[in-house]
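**Q** Below: one structure in structure tokens.
The values are calculated or read from the model by the stated rules, or taken from the named source; none is laboratory data. Only a predicted model underlies this, so the values are computations on that prediction, with no experimental measurement involved. FYI the Cβ positions are ideal-geometry reconstructions off the backbone, even for glycines, and counts take in every protein chain you see. Surface areas here come from the heavy atoms of the whole protein model, side chains and all, with no ligands, DNA or RNA. Shrake-Rupley method; radii C 1.70, N 1.55, O 1.52, S 1.80 Å.
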Amino acid sequence: EAKRAGGARFCLFEPEMRERAVRRGGIEAELRRALQEEQLFVVYQPVVGFASRSDIDHGAGVEALVRWRHPQRGLVSPVDFIGVAEESGLIGAIGDFVLRTACRDFMQWQRLLGPAAPRSLAVNLSRAQLSDPDMGLRFMEILRSTEMPPSALQLEVTESLAAQDETMLERLRELRANGIRLALDDFGTGYSSLSCLHLLPVETVKIDRSFVSQVDTSSHHRVLIDATVRVAHSLNMITVAEGIETEAQAEAVQELACDKGQGYLFSRPLPAEELLAWLLARGYGKSI
Ligand code: C2E
Ligand code: MG
Ligand code: MG
Ligand code: MG
């Protein structure tokens, strides 16, 4: 009886699984084409420094975020294709593309805005990228060819990637030894805790949006952010509050001594030309 039920279940699921595999294979082929046909592009979201909010963001930076303009489906979120890219091995080529594009744009802003240009460029790194032993060398070659100073680049990794994996930690230390900076992304959503923060070779901790979005309404979330900032500061790390959407949230995280903020309140992620306009409108590059 049980066996028959099992068999029946298997039959029920089989077409569904096949459909899923076919669909994923479809996306994979489309993603490969997207790379060749330049459907991928990079947008930039400002990260603002709180200490100098008056002349907003001297010392601030931008985060590069990949986008896919699909010929039929329109704009596809990285949430919907990074996973496929990782499983199919396309993430290496996509990651290289994002880094190269972002470094070129970043250096272009330096030329156009001089000392008023953003000072740091954050680029996301996924586990599959870091698992590739050649990634570090390719990244250094991209920095060299775009003349990007390694110290202006910050690679963002998540807790799950960095925690308790000696190979990954060693790769991260190598990147750091090459002068690249590291940030812990989405802090609070993973399994590692404040007591493990000192084990990670990061300079910046980005507090996840799920905490920031409730900082002004929930004392629980406020306490967690407070503790994170205190521990991070005691380790000489910088904190960034992610996903700030309201003035109330911006005020609350500043009261808790967060160093920087990022979110729709300041700007949505923008194409390179629009970011330049945003910077100029905010008083950057006044001197030119
Ligand atoms: P993330 O690195 O944590 O990036 C922040 C995400 O929050 C971005 O979503 C950004 O658009 C969104 N965001 C920023 N401010 C706000 C806000 O005020 N409210 C709300 N609701 N959202 C806000 P996006 O661009 O869809 O990227 C999602 C995730 O995909 C990223 O999360 C990152 O983990 C991954 N990702 C994006 N680009 C890349 C890439 O080039 N390489 C890799 N490996 N992963 C990437
Ligand atoms: Mg990020
Ligand atoms: Mg994040
Ligand atoms: Mg993330």
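**Q** Per residue, how much accessible area does the range 125-186 show when a 1.4 Å probe rolls over the protein heavy atoms, in square angstrom?
**A** 45 Å²
**Q** Read phi for every residue in the range 25-39 and hand back ³J(HN,Hα) as whole Hz from Karplus 6.51 cos²θ - 1.76 cosθ + 1.60, θ = phi - 60°, with x for Gly and Pro.
**A** Once rounded to whole Hz, the list reads x, x, 4, 4, 5, 5, 5, 4, 5, 4, 5, 5, 9, 6, 8.
**Q** Further question: Taking the Cα centre as origin and putting +1 on Lys and Arg beta-carbons and -1 on Asp and Glu beta-carbons, what dipole magnitude results for the chain, to the nearest 20 debye?
**A** 380 debye
**Q** If you don't mind, there's one more thing I want to ask. Could you list which residues have their amide H under 5 Å from that of Val47, counting only those 5 or more apart in sequence or on another chain, with H placed in the peptide plane?
**A** For Val47, whose amide H was placed from the backbone, the distant partners under 5 Å are Gly61, Val62, Glu63.
**Q** Moving on to the next point. Cut-off 10 angstrom, C-alpha nodes, Gaussian network model of the chain. Which of Val84, Val43, Val223 fluctuates the most?
**A** Comparing Val84, Val43, Val223 in the GNM, the peak value goes to Val223.
**Q** Quickly estimate the mean residue ellipticity at 222 nm for the chain, helices only: each DSSP H run with n ≥ 4 gives -39500 (n - 2.57), and the total goes over all residues, rounded to 500. Don't skip to the end; give the middle numbers.
**A** Working: 11 runs with 141 residues, N = 288.
Using -39500 (n - 2.57) per qualifying helix, the result is -15500 deg cm²/dmol.
**Q** Can you give the local net charge around Cys196? Use residues other than it whose beta-carbon is closer than 13 angstrom to its beta-carbon, Lys and Arg +1, Asp and Glu -1.
**A** After counting each charged neighbour, the total is -2.
**Q** Tally Lys and Arg at +1 and Asp and Glu at -1 over the other residues with C-beta under 15 Å from the C-beta of Glu86: what net charge comes out?
**A** -2
**Q** Would you compute, for the Cα atoms of the range 159-225, the largest minus smallest coordinate along each principal axis and list the three values in descending order, in whole Å?
**A** Extents along the principal axes: 41, 21, 15 Å.
**Q** Taking every alpha carbon pair in the chain, what does the distance histogram look like in 5 angstrom bins from 0, in percent?
**A** With a bin width of 5 Å, the distribution comes to 1, 5, 11, 14, 16, 16, 14, 10, 6, 3, 2, 1, 1, 0, 0, 0, 0.
**Q** Pairwise over distinct Cα atoms, reciprocal of the mean inverse distance: report the Kirkwood radius of the range 124-255 in Å, one decimal place.
**A** Evaluated on the range 124-255, it is 15.6 Å.
**Q** Same structure, new question: On a 0 to 90° scale, report how tilted helix 219-234 is relative to the longest principal axis of the chain, with both axes built from alpha carbons and the result rounded to the nearest 10.
**A** 70 degrees
**Q** When only Cα pairs under 8 Å and 6 or more residues apart are kept, what is the percent relative contact order across the chain?
**A** Reported as a whole number, the value is 18 percent.
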